[in-house]
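Below is one structure, written out as structure tokens; comments come after it.
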Amino acid sequence: MQSTKPYLIRAIHEWCADQGFTPYLSVKVDATTRVPREFVKDGEIVLNVGLEATHQLLMGNEEITFQARFGGRAFPVVVPIARVAAIYASENGEGMAFEVTETPAGAAAADVSGEDVSGEDAGAAVPPAPTPERPSGRPVLTRVK
């Protein structure tokens with residue numbers, strides 16, 4: 001059976017756009033995630049996925065792809081749906097957190113840096129949304145504040 005996660009991500013993205021809010025994705029980075037590594041902090045990156053911040057945004061059932069500017073340079077971003085930890089509106093924190101599927105051991109050892117993130121570019125990262133710790137099992141809908 002198809003996961004509901006990509007549908008919920010697209011629905012919250014659309015809700016943010018309808019409300020005039022800026023949607024942000026919190027992503028757990030690994031080797032399957034294509035993001036600028038210098039903006040990754042503690043293995044996570046938060047991405048502005050608003051329509052004005054992205055170019056050629058495609059939110060599919062397997063991955064989210066777009067181009068954004070980081071440090072003044074365009075960068076193609078690829079985020080597997082399984083690595084999305086949350087999507088929320090930056091203005092009020094309303095959104096949803098998800099369980100992140102870990103990649104098999106040995107399949108991907110990410111090269112992530114602990115550098116601080118700063119800048120005003122559209123695709124630049126912001127402080128990550130809190131994600132609750134919980135045991136594995138069925139996904140639970142969670143309100144992110």
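Six or more apart or on different chains, Cβ atoms under 6 Å: show the pairs whose first residue is in region 10-27 and within 20 Å of Glu44 (Cα to Cα) and whose second is crowded, with 21+ Cβ neighbours inside 10 Å and aromatic (Phe, Trp, Tyr). Listed pairs, sorted by first residue: Tyr24/Tyr88. Checked against the criteria, Val49 counts as open to solvent by less than 10 Å² (accessible area, probe 1.4 Å) and either of a type in the set (Lys, Arg) or touching a Pro at 6+ places or on another chain (Cβ under 6 Å) (or both).
Within region 66-87, residues that are within 19 Å of Glu99 (Cα to Cα) have Cβ atoms under 7 Å from residues that are of a type in the set (Asp, Glu) in these pairs: Val78/Glu63; Val79/Glu63; Pro80/Glu62; Pro80/Glu63; Ile81/Glu62; Ile81/Glu63; Arg83/Asp30, counting only partners at least 6 apart in sequence or on another chain.
Of the residues making up region 15-36, those that are over 19 Å from Val78 (Cα atoms) and under 15 Å from the mean Cα position of the chain (by Cα) are Cys16, Thr22.
Here Thr131, Thr103 are screened, and the one residue that is touching a helix residue (DSSP H, G or I) at 6+ places or on another chain (Cβ under 9 Å), under 25 Å from Met1 (Cβ atoms) and modelled with pLDDT under 95 is Thr103.
The values are calculated or read from the model by the stated rules, or taken from the named source; none is laboratory data. Everything quoted here is computed from the prediction, not taken from an experiment. Don't worry about glycine lacking a Cβ; one is built from the backbone with ideal geometry, like all the others, and counts go over all protein chains shown. In case anyone asks, the SASA skips ligands and DNA or RNA and just uses the protein heavy atoms, side chains included. Shrake-Rupley method; radii C 1.70, N 1.55, O 1.52, S 1.80 Å.
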